[in-house]
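The values are calculated or read from the model by the stated rules, or taken from the named source; none is laboratory data. In this text, all values refer to a predicted model and were calculated from it rather than measured experimentally. No Cβ is skipped: glycine too gets one built from the backbone with ideal geometry, and neighbour counts run over all protein chains shown.
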Amino acid sequence: MRIIIVGAGAVGSYLAERLSAEGQDVVVIEYDERRAAQLQESIDALVLTGNGASKHLLEEAGAEKSDLLIAVSNSDGANVLACFTATELGTKTTIARIEDPEIREGADRLGVDVVIDPSATTAEELVGIVGIGGASEVIQFADGKLVMVGGIVAPNAAITNGPLRDLRIRQAEWGWVVAALVRDGLTIVAHGDTVVRAGDHALLMTTDDRVADATRILGLKRRSLDRVVIMGGTRLAELTADVMAEAGLSVVIIDEDVDRCSALASHHPRALVICGDPTDPDVLGDLDLGPKDVAIGLTGWDEVNLLGCLVAKASGAGMAISRFNRISYVGLLSGLGIDAAVSSRLMAASAILRFVRQGKVEQVATFSDTDAEALEIEVSAGSEACNKTLFDLNLPVGVIIGGISRDGTTFVPDGSTVVRGGDHIIFFSLPRDIEESVALFTA
């Protein structure tokens, strides 16, 4: 697939690196010469310098024969214009990051096929994580009826008592399946003989009514949280403040900039706005943090987010969640005491990758510490998988089926489950097996 990416900021550069590593034909257009040169040194793709909405530059990038254009620069207007120009030149599908609601309205009439807003998606994910209070990931599939729950397995958790096969046999009823474990930086796709260890990052699929069971099996301590302390005054921080307030939690926002704090207080009257350093123990100490408080670092700086969360935990907060841009930080978070991490980069990748995958892919989820993916795909009638049991599919070793949505019902399947046309299958896959797996379910 030929893909043009306009904008090589945090989101654009991550997508370029990931897609070029997969062997996609990627061209990046970046206005800043220094940033373009840095990216060119790190990826095996063509990087052009200039205005991504320029007809001349898009022609040079091959827009007339491109399958997808992804406009993720910092300018909503430039993203829309790039999509409009690319559509006129013949690009098949266009995706634009648009944050301004007024610009978003009518974007489809200007050549934008898909609008993404990674910050808004990240804010919604944060609500899910805080709502469960103990999980590091909460990802919904099949209109929320199937949920992938992630977390660090606790010592003496029920799931560590022998191979997964034996654990299922001992349970009278089970409605979950372990999709994968991340252990010492290595992704392990779980099977019957897999033994889960304390400290593993486990990803478990279950139905929406059994999320509590899933967290209990992993040994996660569900926390009842009443107050959210948000560090930073970024757009993501503002969106998160709004959705948390709507969810019924008390909201505190801390930012150092006096003018910014004045604007925050005006725009978010339900929140308590404090002008101060979010990493200052005295500032956080004045809040008398306790087990029912969650601290969320949402500044634009990874280091500030991490330090602020650590200070909040040391001051008594029951949970800490950090935003990050550098993927390399993620492996350090659990050891430092950070309970969960979120990234707008990963949110953008999840929204975009379903247009890169072949077949009727409805949703893609990416993760912070593994390049594996969870995908929801509609089974085509006449596909190789149709009318076969999961036992008979001979799935690649790096793939596991986590859930099925069928005719309004959702369930976690076993090996005897027969796949039917129209089913929505949620499966977890290592990168090397994604293409083969999608082909199984596609006519």
Do any strands (runs of 3 or more DSSP E) lying entirely in region 328-443 carry at least 2 residues that are at pLDDT 90 or above, and which ones are they? 361-366, 373-378, 399-406, 409-411, 424-429
Six or more apart or on different chains, Cβ under 8 Å: which pairs go from a residue in region 366-395 that's under 23 Å from Val138 (Cβ atoms) and in contact (Cβ under 8 Å) with a residue 40 or more places away in the chain to one that's buried (at least 20 other Cβ atoms within 10 Å of the Cβ) and basic (Lys, Arg)? Could you list them? Asp371/Arg18
Within the group Leu110, Leu39, Leu58, which residue is touching a Gly at 6+ places or on another chain (Cβ under 9 Å), without any contact (Cβ under 8 Å) to a residue 60 or more places away in the chain and farther than 22 Å from Arg345 by Cα? Leu58
Going through (1) over 27 Å from Leu239 (Cβ atoms); (2) in a helix (DSSP H, G or I) one by one, Gly12 fails only at (1)
Which of the following residues is at positive phi, surrounded by fewer than 16 Cβ atoms within 10 Å (Cβ to Cβ) and either part of a strand (DSSP E or B) or under 25 Å from the mean Cα position of the chain (by Cα) (or both): Asp108, Asp143? Asp143
Unmet requirement for Arg326, which otherwise passes all of (1) surrounded by fewer than 17 Cβ atoms within 10 Å (Cβ to Cβ); (2) assigned by TED's automatic domain parsing to the domain that holds Glu256: (2)
Part of a helix (DSSP H, G or I), among the hydroxyl-bearing types (Ser, Thr, Tyr) and buried (at least 24 other Cβ atoms within 10 Å of the Cβ): does that describe Thr240? yes
For region 417-433: of the residues being within 19 Å of Ile139 (Cα to Cα) and among the hydrophobic types (A, V, I, L, M, F, W, C), which is surrounded by the fewest Cβ atoms within 10 Å (Cβ to Cβ)? Leu430
